[in-house]
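K.L.:
Following this message is one structure expressed as structure tokens.
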Amino acid sequence: MRTLTHAEFMEMRRFPALDGLRAFAAVIVVVFHFGGAEWKWLSGWVGVYLFFVLSGFLITTLLLREQDLKGRISLKNFYIRRVFRIMPPYFVIFAFIMAFFYLRGDFFTIRYPETLKYYLPFMNEFLPAGMAGAPNDYFSGSWTLGIEQKFYLVWPALMVVAGVAAARRRVYIAVGAMAVLVALIPLTGGWYTNYSMSALYTSSVHYVVLLVGALLAIVMNSKRLYAFVQPLTHPLIAPLAMIAFAVLHVNMETLWHSTSNAVVLLLGYAVLTAMLIVSLMNRNPVTWVLSTGPARFVGDRSYSLYLFQGIAGFMVAGLLPRFAVYGTLTALVVTLVSLLLADIVFRWVEHPAIELGRRIIARRSTKTTPVNPPKKEVPPIPVNA
């Protein structure tokens, strides 16, 4: 019954509970789309913000661990990892959706030229709200990929600019970037809860949420700053962070429609998510549940599961019309079908592509030597972020 030390945190090669948290985020998004009114209380739409905080945390942790190990951050290696992690399943699933509707004879609903100019360069969030038709109705959830891809382009470069420096400089960069993006929110999506969903997709608030996770990674990587969050890893304190997160999470749907400042609500949710992540570093009952085999199985496939949900829902409703009515059973069936399709993509596309990327990086590493190698090596985390 003690807190997790900084040394113990730095020795962790994987955070298994975060795989389970990722599974939770993906499943509640599916439930939000197909569970009907009876599941409104679950606030499933907020699952994308869980993904954003997790991505910011895991990506930044990976970058900092690489710097601790090799003395520098390789942008080439980072982008190789991202290309082989994100693009193969994305384009395979997109092609599957396009082929599915083409074979059904719905060629003209695909809107081929208009669709490609948004989906191929990952400009998904800028897809016009009124642009209905396949695959837009069944791949629209991929707007989050457009947000994350742009974050991946800029944030690692800022970490390289920070260099092998004190954590304080990294914190300044993260907070400065957050301040700029917050200032841009009125220009990119508005401050209030009643703006349209299309405006929300393009709002800079999403990058602020990603940076909350990145800032947490910077704090936890620093031995000095880690002391500020270490109490949250205590088995007796961690449940308080989890309860606070759970209370806000289940009330997000109600608060979203009643608050006058949705941005503050989203940032508050991001901060509590960050606290939850810290609490999941040490052993406790919730960590154990999220680290079980089934939770990690779904978490490993959560990316493809998330992308497949729209077309899976269409297929299920087409085969069995009773599932055209949204409810608990429909959400369950769509989740299972999405998971089945995601498992196929994971085994035959996603995992092989990740391994290929790692082999390419390994070959490149044999041709380079570390710059300013540290005195003590700290292994990077082999996360599938």
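K.L.:
Given the whole protein assembly as supplied and a 1.4 Å probe, what does the accessible area of E38 come to in Å², nearest 10?
P.N.:
Using a 1.4 Å probe on the heavy atoms, I get roughly 110 Å².
K.L.:
So which aspartates and glutamates pass the test for K70, namely a Cα distance under 12 Å, with those fewer than 8 places away in the same chain ruled out?
P.N.:
E377
K.L.:
Quick one, can you get me the convex hull of the C-alpha atoms of the stretch 235-334 expressed as volume per residue in Å³?
P.N.:
Given the Cα convex hull of the stretch 235-334, per-residue volume reads 141 Å³.
K.L.:
How tilted is helix 47-70 with respect to the longest principal axis of the chain? Cα atoms for both, answer in degrees (0 to 90, nearest 10).
P.N.:
Value to nearest ten degrees: 30.
K.L.:
Helix 143-162 against the longest principal axis of the chain: what's the angle in degrees, Cα atoms only, rounded to the nearest 10?
P.N.:
It works out to around 20 degrees.
K.L.:
Then there's this: At a 1.4 Å probe radius, which order do M178, M87 fall into by accessible area, largest first?
P.N.:
Order by accessible area, largest first: M87, M178.
K.L.:
Could you report the accessible area of W41 in Å², rounded to 10, computed with a 1.4 Å probe on the protein chains as they sit in the structure?
P.N.:
Its heavy atoms expose roughly 130 Å² to the probe.
K.L.:
State the Cα centre-to-centre distance between the stretch 279-346 and the stretch 45-91 in whole Å.
P.N.:
Taking the Cα centre of the stretch 45-91 as reference, the centre of the stretch 279-346 is 23 Å away.
K.L.:
Taking 0.36 nm per residue of sequence separation and subtracting the Cα-Cα distance, how much length would be gained by fully extending the chain between D106 and T259, in nm to one decimal?
P.N.:
Contour length minus Cα-Cα distance gives 50.9 nm.
K.L.:
Say each of H351 and E38 gets a label point 7 Å from the Cα, pointing the same way as Cα to Cβ; how far apart are those two points in nm?
P.N.:
My value for the distance between the label points is 3.5 nm.
K.L.:
When the helices in the chain are scored as -39500 (n - 2.57) per DSSP H run of 4 or longer and the sum is shared across all residues, what 222 nm value do you end up with, to the nearest 500 deg cm²/dmol?
P.N.:
Rounded to the nearest 500, the figure is -22500 deg cm²/dmol.
K.L.:
Whenever you get a sec, compute what percent of the accessible area on the stretch 6-360 sits on carbon and sulfur atoms (1.4 Å probe).
P.N.:
Within the stretch 6-360, the accessible surface is 71 percent carbon and sulfur.
K.L.:
Using label points projected 7 Å from each Cα along Cα→Cβ, tell me how many nm separate L187 and F228, to one decimal.
P.N.:
Label-label distance for L187 and F228, simple model: 2.8 nm.
K.L.:
When the chain is treated as a GNM, springs tying every alpha-carbon pair under 10 Å, which of S222, S55, S204 comes out with the largest mean-square fluctuation?
P.N.:
S222
K.L.:
Here's another thing I want to ask about it. R359: accessible area at probe 1.4 Å, nearest 10 Å²?
P.N.:
Here the accessible area works out near 120 Å².
K.L.:
For the chain, modelled as a Gaussian network with Cα springs under 10 Å, which listed residue fluctuates most, L184, L339, L58?
P.N.:
L184
K.L.:
Under the rule a/c < 1.5 gives rounded, and otherwise a/b versus b/c splits prolate from oblate, where does the stretch 1-155 land using the Cα gyration tensor?
P.N.:
oblate
K.L.:
Additional query: Only Cα pairs within less than 10 Å get springs; with that Gaussian network setup on the chain, which residue of G35, G318, G141 has the largest fluctuation?
P.N.:
G318
K.L.:
Round to the nearest 10 and give me the degree value, 0 to 90, for the angle of helix 167-188's Cα axis relative to the longest principal axis of the chain.
P.N.:
Once rounded, the angle reads 30 degrees.
K.L.:
What FRET efficiency comes out for the pair W288/V171, r = Cβ-Cβ distance, R0 = 35 Å, nearest 0.05?
P.N.:
According to the calculation, E is roughly 0.60.
K.L.:
Shifting gears a bit: Going from most exposed to least, what order do D19, D300 have by accessible area with a 1.4 Å probe?
P.N.:
D300, D19
The values are calculated or read from the model by the stated rules, or taken from the named source; none is laboratory data. The shown structure was predicted, so the numbers you read here are calculated from the model rather than taken from an experiment. With ideal geometry, Cβ positions are generated from the backbone for all residues, glycine too; neighbour counts draw on all protein chains shown. Note: areas computed on protein heavy atoms with side chains; ligands, DNA, RNA excluded. Shrake-Rupley method; radii C 1.70, N 1.55, O 1.52, S 1.80 Å.
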